[in-house]
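**Student:** Pasting a structure here, questions to come.
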Amino acid sequence: EADPAADYAATLSAASEQDKKVLVVFGADWCPDCRAFDALIRQEPLKDTIERHFVVMHVDIGNWDRNMAFTEQFGEPVAKGIPSIAILTADKELLYVAEGGEFASARSSTTEDLNDWFIERLETVSE
């Protein structure tokens with residue numbers, strides 16, 4: 001029932017006000033890896049990294065039958081699996097899109113590994 005376009009506008013505004021990047025998380029409630037990823041980003045030390053650097057927005061893609069037109073503006077982030085992410089600036093500059101299913105096995109990830117990945121990615125996009 002959510003309106004991703006309205007959520008996106010609010011997220012971009014919040015990111016601009018807070019001088020943060022935007023983390024768009026694409027997923028679905030039925031997806032175990034999506035639920036695992038969501039749980040991992042709420043655990044330390046990753047929680048702190050996410051909160052310090054990002055405003056987070058979730059996009060429900062259902063069974064690849066919801067919000068797909070919205071999702072396509074980021075490329076093909078869900079073509080090879082979910083969860084997936086996009087990282088962008090508050091002025092919509094796309095910095096990173098996971099198009100290779102990088103997070104589709106989130107159940108086997110650790111909070112520390114994901115935290116390291118996000119820190120490395122932040123260093124890469126800040127250069």
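**Student:** Could you tell me which numbered condition T11 fails, if it satisfies all but one of (1) outside any helix (DSSP H, G or I); (2) of a type in the set (V, I, T); (3) more than 20 Å from K80 (Cβ to Cβ)?
**Tutor:** Result: T11 passes all but (1).
**Student:** Of the residues R107, R52, only one is more than 15 Å from the chain's Cα centre (by Cα) and not in a loop (DSSP other than H, G, I, E, B); which? Explain how you work it out, then say what you get.
**Tutor:** Values: R52 fails: more than 15 Å from the chain's Cα centre (by Cα).
Unique residue meeting the criteria: R107.
**Student:** Please work out if T71 is surrounded by 17 or more Cβ atoms within 10 Å (Cβ to Cβ), in contact with a helix residue (DSSP H, G or I) (Cβ under 7 Å, 6 or more places away or on another chain) and polar (S, T, N, Q).
**Tutor:** Values: surrounded by 17 or more Cβ atoms within 10 Å (Cβ to Cβ): yes; in contact with a helix residue (DSSP H, G or I) (Cβ under 7 Å, 6 or more places away or on another chain): no; polar (S, T, N, Q): yes.
The answer is no for T71.
**Student:** OK, next. Just to be sure I understand, how many residues within region 27-49 are in a loop (DSSP other than H, G, I, E, B) and acidic (D, E)? Step through it out loud before you land on a result.
**Tutor:** Of all residues in region 27-49, those in a loop (DSSP other than H, G, I, E, B) come to 28-31, 41-45.
From what's left, acidic (D, E): 29, 44.
Going through region 27-49 one residue at a time, the tally reaches 2.
**Student:** Taking the condition of being out of contact with any Asp or Glu (no Cβ under 8 Å at 6 or more places or on another chain), open to solvent by 40 Å² or more (accessible area, probe 1.4 Å) and not in a strand (DSSP E or B), how many residues in region 76-104 meet it?
**Tutor:** 5
**Student:** I'd like to check something: does region 55-68 contain any residue that is open to solvent by 30 Å² or more (accessible area, probe 1.4 Å), within 22 Å of V125 (Cβ to Cβ) and either touching a Pro at 6+ places or on another chain (Cβ under 8 Å) or touching a residue at least 24 places away in the same chain (Cβ under 8 Å) (or both)?
**Tutor:** So in region 55-68, the residues open to solvent by 30 Å² or more (accessible area, probe 1.4 Å) come out as 56, 58, 60, 63-68.
Narrowing further to those that are within 22 Å of V125 (Cβ to Cβ): 56, 58.
Checking which are either touching a Pro at 6+ places or on another chain (Cβ under 8 Å) or touching a residue at least 24 places away in the same chain (Cβ under 8 Å) (or both) leaves us with 56, 58.
Yes.
The values are calculated or read from the model by the stated rules, or taken from the named source; none is laboratory data. Since the structure is predicted, the reported quantities are computational estimates derived from the model, not experimental observations. With ideal geometry, Cβ positions are generated from the backbone for all residues, glycine too; neighbour counts draw on all protein chains shown. Accessible surface areas use protein heavy atoms only, side chains included; no ligands, DNA or RNA. Shrake-Rupley method; radii C 1.70, N 1.55, O 1.52, S 1.80 Å.
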